[in-house]
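Quick notes on the structure that follows.
Any read-out appearing in this document is the output of simple, stated calculations on the displayed coordinates, not a laboratory observation. Fair warning: this is a prediction, and the values are worked out from it, not measured in the lab. Here Cβ is always computed from backbone atoms with ideal geometry, including for glycine, and neighbour counts include all displayed protein chains.
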Amino acid sequence: MIELRGLTKRFGGQLAVDGVTCTITPGRVTGFLGPNGAGKTTTMRMILGLDAPTAGGVTVNGRRYADLPVPMREVGALLDARAVHGGRTAYHHLLCLAQSNRIDRRRIDEVLGLVGLEAVARRRAGRFSLGMSQRLGIAAALLGDPAVLLFDEPVNGLDPDGILWIRNLMRDLAAEGRTVLVSSHLMSEMALTADHLVVIGRGRLIADTGLEAFMRGGADRSVLVRTAQAATFGDRLRAAGAEVRRDRADALTVSGLDSAEIGRLAALDGVPLVELTPRGQSLEEAFMALTRESVEFGVER
């Protein structure tokens, strides 16, 4: 478990993290979302003791990271896939970490196999592609078989097979009862991976909720209606109080009425429907709506 209590960080006059309080619990994948510059990486660095809070605090399993006697056995993290000595082989990079945390060297072969790097274990890490470096970083995070795992943009550089692999890995780790915190800018991937979301903007917590609740919250839910009588049926729906947008000659997007009400009106008017599909907003749409005022580097649309 990771607990943040009033966590605050200033860099000179810049407030990077502003009083964040939340709990990352075991048994689920928690997606950590926010626009660029929101404070996600700074928060993760404070969890790991790499940056000191200006105020507030953070604990892992009830203790500060710096107080953990053998940290890699309790917390595994991937923050920067390229933070590896380029002259070391993958095996020797992991060996150095294992020896510093009293981890049996047999575990090295286990994690190399788990991430699919056993064939390149003796290759120098400086010659790895970004995707291979990500896999090595994940191997390092798993080395101590920790109960708490943090991943910052873990799918960067991975091919589709690798993305599917890391998605399933994170879900499997959570299913084992571990605490899994993962940040990503890929909303489509988070929609498939996360169970719970923590969202920050300009350093402040703006959401701490389940994935489904987040996507429902404030949603302008709509219904896709397809009919050859789209023009006249659209007028009928507007008269009934709906908002109607005509997308194609035979397609309407309707909000303000649910599918049952639309179907009832169609039956009353004898309008044959080809399609009647309720549609909610996507995670990307919900995220963009919630964080619109928190974007630091935006463009006019």
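Just a few scattered comments:
- Binned Cα-Cα distance frequencies in the stretch 222-279 - 5 Å width, integer %: 4, 23, 40, 28, 4
- Placing pseudo-labels 7 Å out from each Cα toward the beta carbon at residue 229 and residue 185 gives an inter-label distance of 4.9 nm.
- Under a model in which nothing but the beta-carbon of Lys, Arg (+1) and Asp, Glu (-1) is charged, the chain shows a dipole of about 920 debye around its Cα centre.
- Nitroxide proxy distance, nm - points 7 Å out along Cα→Cβ at residue 239 and residue 70: 7.7 nm
- Each of 4, 223, 92 was scored by the projection of its Cα onto the charge dipole of the chain, and the greatest displacement toward the positive side belongs to 92; charges sit on the C-beta of Lys, Arg, Asp and Glu.
- Degrees separating the helix 230-239 axis from the principal Cα axis of the chain, which is the longest one: 90 degrees
- Neighbourhood net charge (10 Å Cβ-Cβ; Lys/Arg +1, Asp/Glu -1) for residue 152: 0
- For the chain, the spread of Cα positions along each principal axis, largest first, Å: 76, 46, 36
- The chain: relative contact order as a whole-number percent, Cα under 8 Å and 6+ apart: 21 percent
- A protection proxy built from the mean count of other Cβ atoms within 10 Å ranks the segments 18-29, 97-108, most packed first, as 18-29, 97-108.
- Options 242, 290, 232, ranked by Cα towards positive dipole end of the chain, top entry (Cβ charges): 290
- With Cα atoms, 0 to 90° folded angle of helix 90-100 axis to the chain main axis: 70 degrees
- Potential lengthening between residue 124 and residue 276 on full extension [0.36 nm per residue; Cα-Cα distance subtracted]: 49.1 nm
- Positive dipole terminus of the chain, leading residue within 48, 281, 262 (C-beta point charges): 48
- Residues within the reach of a label modelled at residue 100 (point 7 angstrom out along Cα to beta-carbon, backbone nitrogen below 12 Å), restricted to the stretch 137-152: there are none.
- Spatial offset of the stretch 211-281 relative to the stretch 81-149 amounts to 53 Å, using the alpha carbon center of each.
- Once the chain from residue 15 to residue 80 is taken as fully extended at 0.36 nm per residue, the excess over their C-alpha distance is 21.1 nm.
- Fraction of antiparallel bridges per DSSP, the chain only, in percent to nearest 5: 65 percent
- For the chain, the longest principal axis of the alpha carbon atoms and the long axis of helix 130-142 meet at an angle near 70°.
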